[in-house]
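First the structure, in the form of structure tokens, and then the observations on it.
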Amino acid sequence: MALQRSTCKLANSLKFLLPRRASYLHSHATSFGFKEVREEEKSKLVGNVFSSVASNYDLMNDLMSIGLHRLWKDRLVTKLGPFPGMKHLDVAGGTGDIAFRVLESIRSVSSRAMQDGFAETEEQTQIYICDINPNMLNIGKKRAIERGFAEDRYLHWVEGDAEALRFEDESMDGYTIGFGIRNVTHIEKALAEAYRVLKRGGRFLCLELSHVEFPVFKQLYDYYSFSVIPAVGELVAGDRESYQYLVESIRRFPNQDAFGRMIVDAGFQKVEYENLVGGVVAIHSGLKL
């Protein structure tokens, strides 16, 4: 299935145009969907949502995206360019979907390489799956068993907060976050942490539901989002409210250009984004140089 794509490069020279504490950031940081909540409440409320949806998370992703989320994650990992020996951090990755793809990509590269000493490099590969929700991590561990990764020494499951990562400075070659950054309380803190843990030359990649570009398509997408997705959530998972929040959180998330400027403001260079399916999702990327 062809994916509609558009790419926009954001010049670092625009950095000075964005105030570091723009008013909408504070508003977004204290929102829970369309509701305004105290900052200290948001993480608990989001945690409740993901505890509720954890057992049906993969099924609902397939239903909501008609299976396209698999292609989007494949594209994310392709842009990452995993390599044997890399240390990679996948944040908000509890179910392991992205981490498994990273590992499989590295193994594919390994199998094609015949040069001496390559196996020793592969042994140094370390992939960390970090999620603030233990229920999501448990789902990921069960999936690892099902996929034959249970005893894999390359995968490490870590309960942790995207805004306060428990990893050393400049310790990672790559950082990914898929469908997670819009749920943090302070996006700018999560971006600062991503920058901190990446090595010089490390790549940041974010896959996130975003804002549709075309007016007619937007009307259809809004109808699907607000009328169909919560109804499917109620039917399949018995939980309409959690999926209502997820839809609302997408609309409160900064658009592609605004989020790109936030990434620049965090210190990343060569920031760009790629729209998929007309902006239903976007992959933002940046380098720490």
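The values are calculated or read from the model by the stated rules, or taken from the named source; none is laboratory data. Predicted model, so just to flag it, every value in this text is computed and none were measured. Virtual Cβ from ideal backbone geometry, glycine too; neighbours counted across all protein chains shown. Only protein heavy atoms, including side chains, enter the accessible area calculation; ligands, DNA and RNA are left aside. Shrake-Rupley method; radii C 1.70, N 1.55, O 1.52, S 1.80 Å.
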Practice prompt. Working carefully through the options 257, 265, find the one that is open to solvent by 20 Å² or more (accessible area, probe 1.4 Å), at pLDDT 95 or above and touching an Asp or Glu at 6+ places or on another chain (Cβ under 9 Å).
Written response: 265
Fill in: Matching strands (runs of 3 or more DSSP E) fully within region 117-189 where at least 2 residues are open to solvent by 30 Å² or more (accessible area, probe 1.4 Å) and in contact with a strand residue (DSSP E or B) (Cβ under 9 Å, 6 or more places away or on another chain)
126-131, 155-159
Item to complete: Return only the number of the condition from (1) farther than 26 Å from residue 233 by Cβ; (2) at pLDDT 70 or above; (3) open to solvent by less than 80 Å² (accessible area, probe 1.4 Å) that residue 76 does not satisfy.
Response: (1)
Worksheet entry | Matching entry among 234, 208, 241 (being among the charged types (D, E, K, R) and buried (at least 20 other Cβ atoms within 10 Å of the Cβ)) | 208
Discussion item. Regarding region 267-289, can at least one residue be identified that is acidic (Asp, Glu), over 19 Å from residue 163 (Cα atoms) and within 15 Å of the chain's Cα centre (by Cα)?
Written reply: yes
Worksheet item: Restricting to region 278-289, what's the tally of residues that are buried (at least 21 other Cβ atoms within 10 Å of the Cβ) and in a helix (DSSP H, G or I)?
Response: 1
Discussion item. Just the residues that are part of a loop (DSSP other than H, G, I, E, B) and more than 17 Å from the chain's Cα centre (by Cα), please, taken from region 238-266.
Written reply: 238, 239
Discussion item. Could you go through region 172-180 and let me know if any residue there is without any contact (Cβ under 8 Å) to a residue 60 or more places away in the chain and out of contact with any Gly (no Cβ under 6 Å at 6 or more places or on another chain).
Written reply: no
